[in-house]
Each structure stands twice: as C-alpha cells, then as structure tokens.
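Enquirer: Dropping a structure here in structure tokens format, bear with me for questions.
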Amino acid sequence: MADRLTTALHGKSNNSFILSKNKYIAIIEDVKQAKAKQTKQTVDYRRLNKYDVIVVDGKEKLIVPLTEDNGAVLYYKHSEELFDFINETHLKIGHGCRTWMKKELKRKYKNITKEIITMYIRLCKPCQTKLSNPKKGFVSKPLILKEFNSRCQVDLIDMQSNPDGKYRFILSYQDHLTKFILLRTLETKRAKEVAYLL
C-alpha cells in the first residue's frame, strides 16, 4: 500500500505541496544558504518566509517558520515519509474519515493535503469494505388506509403571544388518507375542550 501511495504521489509532481525526497533535501540546503547570506535577494526572503530548518535527533527537518503568534512546529514531509505518518494517524483514530484525519494531521504537518488523505483512504482495504457495505435501515410497512378518518394527526398551535380575543390556540386536524385539514379555534388546551372539538 505504501508503494502504491508513493507511486500515485509521484504522478502528482506538479503539485507544490508534494515534495519528493530530492526536492525536500534541496530546499533544506537552499534555506540554510539563504540564512547564511549577508545580503539576501527576494527569492531568499520568499524561501525564508515559507520554510525553516531545525535539527531533531541529529536529522535536519523542514518546518514552517515559527512566529510570535504561532509557536506550534508544523513539519513538511516528503513523499516517501507521507505514508507512515498518514497510516499512523489513520489507525490512531480508528479508520476515521477524511475530515477527522485532516483535522488531526494539520496539528503537526503542513503539506498533507485533503487530496493526499483521499488517495490514502481509497487504498485502505478496511475503509473500502466499510464503504461498500450498504447500511441496512429500518423499513416500516406502509399503512393501508381505506376510509376517511381512519387515521389522523392532531396538533395544537400556540397563539398566546398573539391571541384573537378569547381564542389562544388553534387545533389542526389532518386526515392521513386524503390529507384534508380542519382548523378550529380553542380558548384553552384542556383535554375536555380538545375532545369536544374532535
């Protein structure tokens, strides 16, 4: 599955978010050179606004530059590393959907896009099995209505905020067979008055 995802990602090389391992290493070198320059050019400033390099366990990692507003470290990952991080997150959230994965991954990684996550989910066998099984819903038998007033629905509409004289409620009676509706006014919603109108 990892090989299939990596192959699919190489086909998307024109996407600026997906970095090959060689491009990833080249960007790290470019950032280090841009930092070391005394007089920087526009391309150096652009690169330093987008990328920074830190050393973790003796390895150089490409990250989003830290700012005063955002102190969280967001890593860039190259295409060969993507599978491991996506797979680990996907299993951690119990084969969660694309939205959950995106939410979880964007806390730590910058360049893992919705497209990459969707591609991964299409390759995940348990997720495809889950999607291919239709959900069985509850199916009720239709009512066979043969005559008027055999089934109905009664609702009381509260008009106390805008009464018409002594009438503060409206009784709505709908026959299920014909969909015919009767409306009657009520002074109160006591059972005796409702029963009398019914």
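The values are calculated or read from the model by the stated rules, or taken from the named source; none is laboratory data. For clarity, every value in this text was computed on a predicted model and none was experimentally measured. Note that each Cβ is placed from the backbone with ideal geometry, even for glycine, and that neighbours are counted across all protein chains shown. Heads up: the accessible areas ignore ligands, DNA and RNA and are worked out on the full protein's heavy atoms, side chains in. Shrake-Rupley method; radii C 1.70, N 1.55, O 1.52, S 1.80 Å.
Enquirer: Which ones in the range 59-90 are open to solvent by 70 Å² or more (accessible area, probe 1.4 Å) and closer than 18 Å to Lys21 by Cβ?
Expert: Lys59, Glu60, Glu80, Asp84
Enquirer: Need pairs with beta-carbon distance below 8 Å; first residue at pLDDT 80 or above and within the range 90-107, second surrounded by fewer than 15 Cβ atoms within 10 Å (Cβ to Cβ); sequence gap 6+ or separate chains.
Expert: Sorted first by the residue in the range 90-107, then by its partner, the pairs are Trp100/Ile93; Met101/Ile93; Lys102/Lys114; Glu104/Lys92; Glu104/Ile93; Arg107/Ala72.
Enquirer: Just checking, which of Lys35, Lys40 is in contact with a Leu (Cβ under 8 Å, 6 or more places away or on another chain), surrounded by 11 or more Cβ atoms within 10 Å (Cβ to Cβ) and in a loop (DSSP other than H, G, I, E, B)?
Expert: Lys40
Enquirer: For the range 65-85, does any single residue satisfy the condition of being farther than 16 Å from Pro126 by Cβ and in a strand (DSSP E or B)?
Expert: Yes - at least one qualifying residue is present in the range 65-85.
Enquirer: Working only within the range 167-198, note down all residues that are in contact with a strand residue (DSSP E or B) (Cβ under 9 Å, 6 or more places away or on another chain) and open to solvent by 80 Å² or more (accessible area, probe 1.4 Å).
Expert: Selection gives Tyr167, Arg168, Phe180, Ile181, Leu183, Arg184, Lys189, Leu198.
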